[in-house]
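To keep things clear, I will list the structure first and then write my remarks on it.
The values are calculated or read from the model by the stated rules, or taken from the named source; none is laboratory data. Just so we're clear, the structure is a prediction, and the values are computed from it rather than from any experiment. Methodologically, a virtual Cβ is constructed for each residue, glycine included, from the backbone with ideal geometry; neighbour enumeration extends over all protein chains shown. All accessible areas refer to the heavy atoms of the entire protein, side chains included, with ligands and DNA or RNA removed. Shrake-Rupley method; radii C 1.70, N 1.55, O 1.52, S 1.80 Å.
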Amino acid sequence: MKCIIPAAGKGIRLQPHTLNKPKALLTLGNKPIIAHIVDKILEANISDIIIIVGFEKEKLKNFLLTDYSDKCNLTFIEQRERRGLGHAIYLASKYLDGEPTIITLGDSLYENSYISMLQEYDKCNTWDGLLTVREVSNPHSYGVVVTDSHSSIIKSMIEKPQDLISNKAITGVYIIRNTKALEDNLKDIVETNSTGAGGEIQLTDALQKMIEKGFTLGVIDSGEWFDCGNKESLLEGNRFVLSSLQISEIKSEIINSSIIHPVVIEAGCSISNSIIGPNVSIAQETTVTRGIISSSIIGSGSVIKNVNIKNSIIGNEVSVEGELHDLNVGDNKEIQIS
Ligand code: G1P
């Protein structure tokens with residue numbers, strides 16, 4: 001089994017945090033998104049990993065080569081033109097040699113492990129592939145699948161549907177047994193430039209072509225999933241990662257402060273007279289003085305002073321400084337300080 005992780009995108013909805021680094025390098029809890037994904041892939045004993053890089057590719061390559069080249073066999077493929085997910089997978093499909101492959105999106109984390117997904121895949125050994133899905137309230141934003149009510153076999157699938165034909169969204173893990181058939185169908189749509197939703201070459205369209213030709217694709221539930229594509233979903237991903245840690249990771253001295261678990265505080269930070277947590281990750285060398293911080297991701301080398309922050313993402317080397325108020329308020333008043 002090989003693995004493809006597409007991670008070439010620009011992460012536009014996460015700017016400014018992705019102006020100078022790929023989305024896959026944003027930190028959730030104690031490590032970047034890509035590290036969470038690769039660690040879980042390695043847990044499933046898959047060591048041939050193909051990463052599709054593009055925007056800020058050197059940063060992603062350097063991180064993975066430094067941390068993972070002794071643990072797995074990494075292949076980097078550059079997607080120079082932004083022609084869509086189908087195009088990205090097509091570029092990688094030439095390296096598969098017909099081997100079954102798990103494709104997992106470079107910005108998404110899953111409650112269910114790849115190990116459990118692969119166990120389901122092994123049970124369906126006559127099928128050509130298996131996709132993870134989840135019911136959603138906004139299917140127009142995803143690829144969706146239509147199945148029979150009593151079956152897990154996909155009858156049809158469509159990317160970003162205009163009409164409400166199904167609320168089962170594709171959540172981004174595709175375990176493909178017949179990678180040769182996938183490669184052939186991707187090749188057709190790439191070579192004829194048959195763009196789909198958003199004017200892009202869509203993986204969903206190639207899979208739909210497979211279904212039309214009689215290949216069998218099925219679905220399994222992905223459990224909760226976090227596609228860290230915007231600020232809210234990134235913070236949710238951070239909460240998910242922190243809640244799955246056994247204990248908070250606190251590598252710095254905490255002075256006269258309260259910690260509400262779970263949190264990650266990396267080394268070299270200075271935290272004093274503050275309340276930190278729950279669901280906060282703070283990267284190295286950051287100083288927090290008289291701060292109240294909950295549900296937030298704070299970058300490295302930042303200084304946070306006299307502020308109450310929640311649901312926030314603060315980058316590296318940022319200074320956020322508020323004022324302490326000196327109040328003199330009589331009885332029966334209501335005061336809002338903004
Ligand atoms: C991609 C897939 C889509 C899937 C989604 C999951 O869309 O094309 O089928 O539902 O990921 O996150 P994108 O997020 O690139 O628009």
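For the reader, a short list of remarks on this structure follows.
- In the range 293-338, of all residues being of a type in the set (Val, Ile, Thr), in a loop (DSSP other than H, G, I, E, B) and open to solvent by less than 60 Å² (accessible area, probe 1.4 Å), the one that is nearest to His261 (Cα to Cα) corresponds to Val307.
- The set of residues from the range 258-269 being buried (at least 16 other Cβ atoms within 10 Å of the Cβ) and farther than 12 Å from Ile298 by Cβ comprises Ile259, Pro262.
- Among residues of the range 239-257 being within 24 Å of the chain's Cα centre (by Cα) and exposed (fewer than 14 other Cβ atoms within 10 Å of the Cβ), the one that is farthest from Leu131 (Cα to Cα) is Ile247.
- Restricting the first member to the range 154-171 and to residues that are within 12 Å of the ligand (Cβ to nearest atom), and the second to residues that are acidic (Asp, Glu) and open to solvent by less than 40 Å² (accessible area, probe 1.4 Å), the beta-carbon pairs closer than 9 Å and six or more apart or on different chains are Ile170/Glu159.
- Qualifying residues in the range 137-153 (those that are part of a strand (DSSP E or B) and within 22 Å of the chain's Cα centre (by Cα)) - the one farthest from the ligand (Cβ to nearest atom): Val145
- The criterion of being crowded, with 21+ Cβ neighbours inside 10 Å, within 18 Å of the chain's Cα centre (by Cα) and in a helix (DSSP H, G or I) holds for Val38.
- Per the listing Ala169, Ala181, the residue uniquely within 16 Å of Asn138 (Cβ to Cβ) and either hydrophobic (A, V, I, L, M, F, W, C) or open to solvent by less than 10 Å² (accessible area, probe 1.4 Å) (or both) is Ala169.
- Among all residues of the range 205-226, there is at least one that is open to solvent by less than 10 Å² (accessible area, probe 1.4 Å), assigned to a loop (DSSP other than H, G, I, E, B) and within 14 Å of the ligand (Cβ to nearest atom).
- Restricting Glu232, Glu236 to residues that are surrounded by fewer than 17 Cβ atoms within 10 Å (Cβ to Cβ) and within 16 Å of the ligand (Cβ to nearest atom) narrows the list to Glu232.
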